[in-house]
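Asks: The structure is given below, and queries will be raised subsequently.
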Protein chains: 2
Amino acid sequence: AIVESLLKFKSDAALLSGKRVVITAGPTREAIDPVRYLTNHSSGKMGYALADQAARMGADVTLISGPVTLPTPTNVTRINVTSAREMAQAAEKSALRADLFIGAAAVADYHVANAETQKHKKQSGQTGWTLQLAENPDIIARIARHEQRPGIVVGFAAETADVVHYAQDKLQRKNLDWIVANDVSRSDIGFNSDDNQVVVFGRDGQQFDLPQQSKSQLAGALLALFMKD
Amino acid sequence: AIVESLLKFKSDAALLSGKRVVITAGPTREAIDPVRYLTNHSSGKMGYALADQAARMGADVTLISGPVTLPTPTNVTRINVTSAREMAQAAEKSALRADLFIGAAAVADYHVANAETQKHKKQSGQTGWTLQLAENPDIIARIARHEQRPGIVVGFAAETADVVHYAQDKLQRKNLDWIVANDVSRSDIGFNSDDNQVVVFGRDGQQFDLPQQSKSQLAGALLALFMKD
């Protein structure tokens, strides 16, 4: 019943009228050298669907996007970034004092501390290679703890095990209002799929199970949920 | 003058009639855990253009492709793979005794020796992470030294410095007939560009400079060159 009533909000074209919404989407890439990099599985589809729906609902939308092959949704301002550190800068520039910030990007938690400026060449006799990874800034935690914090801050948790546990921990630890959790060990939803199925947890202990549906439909339901108060 | 005469071969629609051609294209992905991976910059456009042109010239074409967003060219048999080790298996299955093998894929030289089956979680107090990389099979060297070696074996060298030196070294060391070298430190050609500019070296010391042109045009010129004897 809760899910159905949320879906009904989708017809409210003016729900986000006058609101400033900032969304991150896609993966980040962390250079190893000029030809190699670390990244995460992410098509960007969920974040782009959220940006598209938010614009349709009347919001002023900024989409901070890692490298994806998706077209920019109509009436959305897109900022392209590559690394997590670039995404962090763009987010701190755009998201402060926004009405709604959604961190839908699959941000790399680490960059390569011993990255090389020329293509790495194997040394004589060497058979392996050791990459030292160092932590990236925690974009969403920084935004959510900032003194100019956006009105509502929403995170995503893509997990392969103990989904509920990790999502609720992240919600609390990063001072979020909502967290959208999905189980990416399933191949029929998430990542490059056009569908998704998620569980949403709120800071007041609420839990909403949203059944499998297109990412576009889901985006409408999620935005209605985040703005319901 | 050499370049112009090569380009003329493009109109020869039957140049590869009855020939079996196997091409690898795109990047490979090496899992770190279910959500993170190592990869190389590669759109797959050059390998796909070669497969398309080879089919137009009458060849029986097998395209072994890493993850890309390109459509399969008409009359081309496409085999999808993810990791370098999967690509090596597919290549050894398809390429032996072929008339022409072209290794256009950006194969990862390393996989992650300490890959994890569940999403990696930071341990308490831990701020970094060390990835141990181990060498992948050298696909093109294995194919080119096999007792059922294809008639002609062609490699690619994407370099950021000392392009000519590394390309000629690779040609000799891996027992190739031709190597196609490009300087990927330039942003106007290579990687995700629709154009490319390359230098081709032959095992007999020949060198051909092919000027900047579309990857489709370049594919025709390259196939004419490889089959010229």
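Asks: For segment B:113-133, state whether one or more residues are of a type in the set (Gly, Ala, Ser) and touching a His at 6+ places or on another chain (Cβ under 8 Å). Before you say what the answer is, go through the steps one by one.
Replies: Step one: list which residues in segment B:113-133 are of a type in the set (Gly, Ala, Ser), which gives B:113, B:115, B:124-125, B:128.
Applying the additional criterion that residues be touching a His at 6+ places or on another chain (Cβ under 8 Å) yields none.
Within segment B:113-133 (the criterion being of a type in the set (Gly, Ala, Ser) and touching a His at 6+ places or on another chain (Cβ under 8 Å)), the answer is no, since none of the residues qualifies.
Asks: Counting just the residues of segment B:66-107 that are within 14 Å of the chain's Cα centre (by Cα) and under 18 Å from B:ALA219 (Cα atoms), which one comes out surrounded by the fewest Cβ atoms within 10 Å (Cβ to Cβ)?
Replies: B:LEU100
Asks: Are any residues in segment B:157-185 of a type outside the set (Ser, Thr, Tyr) and in a helix (DSSP H, G or I), and if so, which ones?
Replies: B:VAL163, B:VAL164, B:HIS165, B:ALA167, B:GLN168, B:ASP169, B:LYS170, B:LEU171, B:GLN172, B:ARG173
Asks: Run A:THR160 past the list (1) within 14 Å of another protein chain (Cβ to nearest Cβ); (2) more than 19 Å from B:PRO34 (Cα to Cα); (3) in contact with a strand residue (DSSP E or B) (Cβ under 8 Å, 6 or more places away or on another chain) and report the number of the one that doesn't hold.
Replies: (2)
Asks: So, one more: Pairs needed: first member in segment A:181-194, of a type in the set (Phe, Trp, Tyr); second member anywhere, open to solvent by 20 Å² or more (accessible area, probe 1.4 Å); C-beta distance under 6 Å; at least 6 residues apart or different chains.
Replies: Cβ pairs passing all conditions: A:PHE191/A:HIS41.
Asks: Checking B:THR62 against (1) open to solvent by 10 Å² or more (accessible area, probe 1.4 Å); (2) under 30 Å from A:PRO71 (Cα atoms); (3) of a type in the set (S, T, N, Q), which test does it fail?
Replies: Result: B:THR62 fails condition (2) only.
Asks: For segment A:31-48, which positions are modelled with pLDDT of 95 or more and either in a helix (DSSP H, G or I) or of a type in the set (Ser, Thr, Tyr) (or both)?
Replies: Across segment A:31-48, the qualifying residues are A:TYR37, A:THR39, A:LYS45, A:MET46, A:GLY47, A:TYR48.
Asks: Residues in segment A:168-185 that are more than 12 Å from every other protein chain (Cβ to nearest Cβ) and open to solvent by less than 60 Å² (accessible area, probe 1.4 Å): how many? Spell out how you get there, then give the answer.
Replies: Here is the first cut: in segment A:168-185, the ones more than 12 Å from every other protein chain (Cβ to nearest Cβ) are A:168, A:171-172, A:174-181.
Filter once more, so that each one left must be open to solvent by less than 60 Å² (accessible area, probe 1.4 Å): A:171, A:174-181.
Of the residues in segment A:168-185, 9 are more than 12 Å from every other protein chain (Cβ to nearest Cβ) and open to solvent by less than 60 Å² (accessible area, probe 1.4 Å).
Asks: Also: So, in segment A:186-207, exactly how many residues are open to solvent by 60 Å² or more (accessible area, probe 1.4 Å) and assigned to a loop (DSSP other than H, G, I, E, B)?
Replies: The qualifying residues number 8.
Asks: Any chance segment A:141-156 includes a residue that's in a loop (DSSP other than H, G, I, E, B) and within 14 Å of chain B (Cβ to nearest Cβ)?
Replies: No, that holds for no residue.
Asks: Considering every residue within segment A:128-135, establish whether at least one is among the acidic types (Asp, Glu) and surrounded by fewer than 17 Cβ atoms within 10 Å (Cβ to Cβ).
Replies: yes
Asks: Of all residues in segment A:39-51, how many are buried (at least 24 other Cβ atoms within 10 Å of the Cβ) and touching a Leu at 6+ places or on another chain (Cβ under 9 Å)?
Replies: So the count comes out to 7.
Asks: Failed condition for B:ASN175, given (1) touching a strand residue (DSSP E or B) at 6+ places or on another chain (Cβ under 6 Å); (2) free of Cβ contacts under 8 Å to residues at least 60 places away in the same chain, with all others met?
Replies: Among (1) touching a strand residue (DSSP E or B) at 6+ places or on another chain (Cβ under 6 Å); (2) free of Cβ contacts under 8 Å to residues at least 60 places away in the same chain, the lone unmet condition for B:ASN175 is (1).
Asks: Which strands (runs of 3 or more DSSP E) sit wholly inside segment A:49-138 and have at least 1 residues that are within 14 Å of chain B (Cβ to nearest Cβ) and charged (D, E, K, R)?
Replies: Filter on segment A:49-138 gives A:128-135.
Asks: Okay, next question. Do we have A:GLU159 as charged (D, E, K, R) and open to solvent by 20 Å² or more (accessible area, probe 1.4 Å) here?
Replies: no
Asks: Taking the condition of being closer than 27 Å to B:ILE64 by Cα, small (Gly, Ala, Ser) and over 25 Å from the mean Cα position of the chain (by Cα), how many residues in segment B:108-135 meet it?
Replies: Adding up the residues that qualify gives 1.
Asks: Here's a follow-up. Determine, yes or no, whether A:ALA25 is modelled with pLDDT of 95 or more and more than 14 Å from chain B (Cβ to nearest Cβ).
Replies: yes
The values are calculated or read from the model by the stated rules, or taken from the named source; none is laboratory data. Fair warning: this is a prediction, and the values are worked out from it, not measured in the lab. Note that each Cβ is placed from the backbone with ideal geometry, even for glycine, and that neighbours are counted across all protein chains shown. The accessibility values were calculated without ligands, DNA or RNA, using every heavy atom of the protein model including side chains. Shrake-Rupley method; radii C 1.70, N 1.55, O 1.52, S 1.80 Å.
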